[in-house]
Amino acid sequence: MKNSILSAVAGTLCLCQVGCKTTPKEEMKEDQTQQTIPEAVQKIYAPFTLTTDLGQLSENEKKMLPLLIEAAKIMDELFWKQSFGNKASLMDTLNDPALKTLAEINYGPWDRIGNDTAFISGFGEKAPGAELYPKDMSKEEFEQAELADKNSLYTLLRRDEEGRLVTVPYHEAYKAELQKTSDLLKQAAGYAEDEGLKNYLNLRAEALISSEYQASDLAWMDMKNNGVDIVIGPIENYEDQLFGTKAAFEAYVLVKDKAWSEKLAKYASMLPELQEGLPVEEQYKQDKPGTDSDLNAYDVVFYAGDCNAGSKTIAINLPNDEEIQQSKGTRRLQLKNAMKAKFDKILLPISDVLIDESQRKHISFDAFFANTMFHEVAHGLGIKNTINDKGTVREALQEQASALEEGKADILGLYMVTKLFEKGELEGDVHDNYVTFMAGIFRSVRFGASSAHGKANMLRFNYFKEKGAFVRNPETGTYKVDFDKMEEAMNSLSALILKLQGDGDYEGVNQLMVEKGTIEEELASDLARLSKAHIPVDIVFEQGVEVLGLTM
């Protein structure tokens, strides 16, 4: 969509006034969160307060949370530098409360759920390499540069005094901030009662000041009994839309829901069998998923940096290190409180507008939770290294890798759900998952073409449309799933994506995204109806130590 979603409220921004008052946190309610979010912004982002039951934590665990949140805030500062540059140089020029809030949400003046369109005058297009590369650097110059660590996840590209490209490791570029973060993690480790968590925090603290992350990733994989967790550091490469290489800083501070986690534990062990059954030729499923993978449910109490920018992440699948994925697997973290917020505030209202009335009974939170969970599990399926010596899939597909990987996880997640229902491992009605999956496409496609998840959903919507997986009623403008054709489309799209990944077919992926990664006029019109119905696109958080009723 060429028109930014934010433009719909641009005319009302100057009318918004906001008063931010401190409220006793034991009385903090969700409607009070809205007092800090201007009304115009609420048309796009639904306010939600991040809390959890702290009664399940020990006193030492409660002491850890403020330290972890303080460390996460530093990741927020670093992501601003990677995404925009000097935050103060932007924020100090803005007087309108709504524009300030939107700039905070987007970490800059570009609308992340509106194709990175500038919503503040005076700014042109966002550089695809953000602040990770020199603005005047071409792809050709980068590719010709003889720099040993230019493809590292953890280096910036800069120019020396003579204008030549040089690399600067993150731990040197952000030395002061990362040292402070390291100190906070070590301090938190001093309170850790679980030895696995203590070991991880100490190793992660060292990793931040050395840019050597594998040991801490392995330690994070080995944690099993911790009640508190933190994902922190330079992790995902979505911000690098030039090469899809450089990792961006982010953090999640988490509290485990042990009851829900116990329910999920059995599914990780089924990965090898599901891998063998993938609907693709043997050479594209030759990788063996690690068997140490586990599934857990968490309440997230703080987001920072990349995961907090624009649309909010509701599930995590890490580490991204291909060696660890193949040897040990990954951990999949379902962020239950944030997920429930998106279901209640966004998915259900979307369904009332765009899903055929006869199928609305199939929309359920359990199906949404399962679809999201198995999306994350599905990242562990398929192939990580190309079959023709082009290196890893991520290296071969460059900036297209993230969007295709998200598309793979979505479609293979639905494949896994289908197979587990067939095996009797899931209860309920698989039709719930199919219809909820369809509604989920409408939810995610609103994130726009600048988002890897948005691109993946556009691709899937257009592919499903071509295969007749759904029909649109022209009179009501609602969509009805054809269950048999959706299953056929699911299998054929799975095979197509896995083959593109295994072949490292950059040109093929690029052509596919050009052909099917766009929003056609009819869909754009239907999505506009969601805005007219005042259904928000995503959520925004009231969060922090004060919200939790804790002190430093």
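Here, each number is a calculation from the coordinates, and none is a lab measurement. This is a predicted model, so every value here is computed, not measured. Every residue, glycine as well, gets a Cβ built from its backbone with ideal geometry; the counts of neighbours run over all protein chains shown.
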Residues with amide H under 5 Å of T117's amide H, sequence separation 5 or more or different chain, H placed in the peptide plane at 1.01 Å from N; which? D111
Which one is right for this structure if Rg and Dmax of the Cα atoms in Å is calculated from it: [x] 24.2, 85; [y] 24.2, 74; [z] 22.4, 67? [z]
Calculated from DSSP helices alone, with each H run of at least 4 adding -39500 (n - 2.57) and the total divided by the residues of the chain, [θ]222 nm to the nearest 500 comes to -13500 deg cm²/dmol
Counting DSSP beta bridges with both partners in the chain, what percentage is antiparallel, nearest 5? 75
Using DSSP loop states and a limit of at most 13 other Cβ atoms within 10 Å to flag GluC sites (Glu not before Pro), what is the longest stretch of the chain containing no flagged site? 282-424
Tell me whether segment 158-309 comes out rounded, prolate or oblate; compute the Cα gyration tensor, take square roots of the eigenvalues as a ≥ b ≥ c, and use a/c under 1.5 as the rounded threshold. oblate
Starting from the 7 Å offset along Cα-to-Cβ, what nm value, one decimal, do you get for the label separation of E520 and E282? 4.0
Over the chain, calculate the relative contact order: mean separation of alpha carbon pairs under 8 Å at least 6 apart, over the residue count, as a percent. 18
Find how many whole Å separate the alpha carbon centroid of segment 251-311 from the alpha carbon centroid of segment 130-167. 34
Name the residues whose placed amide hydrogens come within less than 5 Å of the amide hydrogen of L426, ignoring near sequence neighbours (fewer than 5 apart) on the same chain. F421
Would you grab the residues whose amide H sits under 5 Å from the one on G233? Only those 5+ places off in sequence or on another chain, please, with H modelled 1.01 Å from N. E250
For the chain, the dipole about the Cα centre with charges only on Cβ (Lys and Arg +1, Asp and Glu -1), to the nearest 20 debye, works out at 940
Can I get the semi-axes of segment 383-536's equivalent ellipsoid? Compute them from the C-alpha gyration tensor as square roots of 5 times the eigenvalues, in angstrom, largest first. 27, 21, 13
Among the lysines, which fall within straight-line cross-link reach of K467, defined as a Cα-Cα distance under 18 Å, with same-chain neighbours fewer than 8 residues apart omitted? K408, K480, K485, K516
Between segment 492-522 and segment 403-424, what's the alpha-carbon centroid distance in Å? 17
How many angstrom lie between the Cα centre of segment 69-101 and the Cα centre of segment 46-67? 24
